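As structure tokens, the structure follows; a few thoughts come after it.
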Amino acid sequence: MAAVADETPAPTDEPTSSLVIKGKVKNEGVGVEGIILKVSGNGFSGEASTDAEGNWTLSVPTKGIYDVEIQLDSLPEGVGLRDPETTVRQADLSMVESASVLFPLGVDTRVEQAFGDQLAIRLFAGLNLGLLLAIAAIGISLIFGTTGLNNFAHGEMVTVGALFTWLFYTVLGWPLLVSAAVTILIGAFVGWGQNAAIWRPLRKRRLGLNQMMIVSIGFAIVARYILLLFFDGDTKGIGTDNNIIEIGPIKTTATSLTSMAVAAVALAAVAIFLTRTRLGKATRAVSDNSSLAASTGIDVENIIRIVWIMAGALTALAGILYGLQFQANWLTGFQILLLLFAAVTLGGLGTALGATVGALIIGMVVELSTLVLPADLKYAASLLILIVVLMVRPQGVLGKKQRIG
């Protein structure tokens, strides 16, 4: 491993600071030697290259956020990034002394493609992202529908799903299905615990929804840093089989296809639960009018408890699927929280089907926008669409009009 900093007259193999950015570059599970990575930020610029096992390390002088860019011209012939659009990742050393940055490699897909092929690829990627967002967004929608709370700590439940799967599967070596099942149970317990310890007591005190929303923001910050304390700030790679599968012009992996299938089945199960079961119909009744539902004998608090448990389990599942495809760190849920709220708002607040439709729209817009816009602006494009739709239809795509006054 060699590391060179612009501010240093000679390269050194030993870290000169306790602040370290590191990583491992692998192709099909094997380390790749000679890959060059440039690190910049906070007045610093440096360079590192991978050793024979694919490892690299670079010391930086001060705490802060640094950009790490992989040099594509240093990749072996025929090898490219698994996510070709992400050549720059961030290393956050604001609160920790070591951060890992990973660049998974695969078959080089940097070729000139017909517009139709590009469109098919972006549509597939949009469907994939939309399904992942939908699984998590349904929890926000159900909680808002039954309690009126905008829960800004929802992203941390996504992070819990991703990080605990990494712990059980990668660190402890449990089978993936066992790891996922235990993680979903933990997510359900976290949902139940949040309601029992925080939100139910606050509802009994008749605390206003705005104040409860502020409490959720504070709780999200606390939960985020608790996760940082236990899992550190490194990016976690959840190792699975990433063999390339070609479907026409689309190159994907077995992990991605399985994740999409699981997400679709989970969404169908939620739809059946809400429309065909007694508890599901009671949940919809509480969402429509909790006072009227209570007058008909429905135990509103019990329904809210069930909703929190379901939201926790679904959000943990979303974190599992997201971590398997895109890696995980202590900010995973926070980074997609805005997209989740955009999906719920676009589809119609308080409606599970609306959250699903909104998430699919957001996923499609995010990916399709890269056909005409730089990849760095793809999230901005989705929020622009949100603004335009709400100007035309303020209640969202599937929301109901409400008369005020």
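Values in this text are rule-based calculations from the coordinates and carry no lab data. Because the structure is predicted, anything quoted here is derived from the model rather than measured. Here the Cβ positions follow ideal geometry from the backbone for every residue, glycine too, while neighbour counts run over all protein chains shown.
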All alpha-carbon distances of region 115-392, grouped into 5 Å bins from 0, give the whole-percent distribution 1, 6, 12, 17, 19, 17, 13, 8, 4, 2, 1, 0
In region 79-181, the trypsin sites (Lys or Arg not before Pro) that sit in a DSSP loop and have at most 11 other Cβ atoms within 10 Å of their own Cβ are ARG110
Rounded to two decimals, the Rg over Rh value of region 112-255 from Cα coordinates and the Kirkwood Rh reads 1.07
Exposed-loop cut sites defined as GluC sites (Glu not before Pro) in DSSP loop states with at most 10 other Cβ within 10 angstrom; longest site-free run of the chain spans 113-405
For region 265-275, in residue order, the Karplus 3J(HN,Hα) values (coefficients 6.51, -1.76, 1.60; θ = phi - 60°; whole Hz; Gly and Pro = x) are 5, 4, 5, 5, 5, 5, 4, 5, 4, 6, 9
Contour minus Cα-Cα span, ALA120 to ILE65, at 0.36 nm per residue, comes to 16.3 nm
Too long for a 22 Å Cα-Cα cut-off, among LYS24/LYS236; LYS24/LYS378; LYS22/LYS236; LYS22/LYS378; LYS38/LYS236, are LYS24/LYS378; LYS22/LYS378
Quick shape check on region 256-405: root eigenvalues a ≥ b ≥ c of the Cα gyration tensor, a/c under 1.5 is rounded, otherwise prolate if a/b tops b/c, else oblate, and it reads oblate
Per the C-alpha gyration tensor (a ≥ b ≥ c, the square roots of its eigenvalues), region 165-323 is rounded if a/c is under 1.5, else prolate if a/b beats b/c, else oblate; here it's oblate
For region 136-184, Rg(Cα) over 2.2 N^0.38 Å is 1.41
What helix-only [θ] at 222 nm does the chain give? Using -39500 (n - 2.57) per DSSP H run of at least 4, over all residues, to the nearest 500, the answer is -17000 deg cm²/dmol
